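Have a look at the structure below, then the notes.
The values are calculated or read from the model by the stated rules, or taken from the named source; none is laboratory data. A quick note: this is a predicted structure, and the numbers were derived from the prediction, not measured. Cβ sites come from the backbone with ideal geometry, for glycine too, and all protein chains shown count toward neighbours. When the accessible area is computed, the model is the full protein with side chains, heavy atoms only, and any ligands, DNA or RNA have been set aside. Shrake-Rupley method; radii C 1.70, N 1.55, O 1.52, S 1.80 Å.
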Amino acid sequence: QVQLVESGGGLVQPGGSLRLSCAASGITFSRYVMGWYRQAPGKQREVVANVTSGGTANYVDSVKGRFTISRDNAENMVYLQMNSLKPEDTAVYYCNAHLFIRNYWGQGAQVTVSS
């Protein structure tokens, strides 16, 4: 049974930082592209960042220079360090594991950026 469990969401003031974590089980983690997506109210889900099995990271333009994705293949963990947060970063953040036709999602973690 595949499980992706996010943690680390919460309420933060603009300019603050949060670190999201995703614990994966039931997959050969090191083979998967791991990603973070987000969905704001009334908007479509969008990719925020992903990291390949080889460690190459990709980011949507709106978070470049502020967010950092990383993975620990020994611990089956993927992280998203979010700095200089803005109100427009408010969304539910989802962990994703993708390999060919296999695509798995976590339950989501709420991130709210507000003063």
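List of remarks:
- Scope the stretch 96-115; condition surrounded by fewer than 16 Cβ atoms within 10 Å (Cβ to Cβ) and within 10 Å of Y32 (Cα to Cα); matching residues: H98, L99, F100, R102, N103
- Residues of the stretch 5-18 classified as farther than 17 Å from V48 by Cα and in a strand (DSSP E or B), total: 4
- All positions within the stretch 44-95 that are open to solvent by 30 Å² or more (accessible area, probe 1.4 Å) and hydrophobic (A, V, I, L, M, F, W, C): V47, A57, V60, A74, M77, V92
- Which listed residue is at pLDDT 95 or above, of a type in the set (S, T, Y) and not in a strand (DSSP E or B), from S53, S84, S70, S21: S84
- Looking only at the stretch 60-81, and only at residues there that are of a type in the set (A, V, I, L, M) and within 14 Å of the chain's Cα centre (by Cα), the one that is nearest to Y93 (Cα to Cα): L80
- Scanning the stretch 1-23 for residues that are within 14 Å of the chain's Cα centre (by Cα) and within 15 Å of W105 (Cα to Cα) returns L4, V5, E6, S7, L20, S21, C22, A23.
- Candidate set: the stretch 24-43, residues that are under 14 Å from Q110 (Cβ atoms) and modelled with pLDDT of 95 or more; chosen: the one least open to solvent (accessible area, probe 1.4 Å): W36
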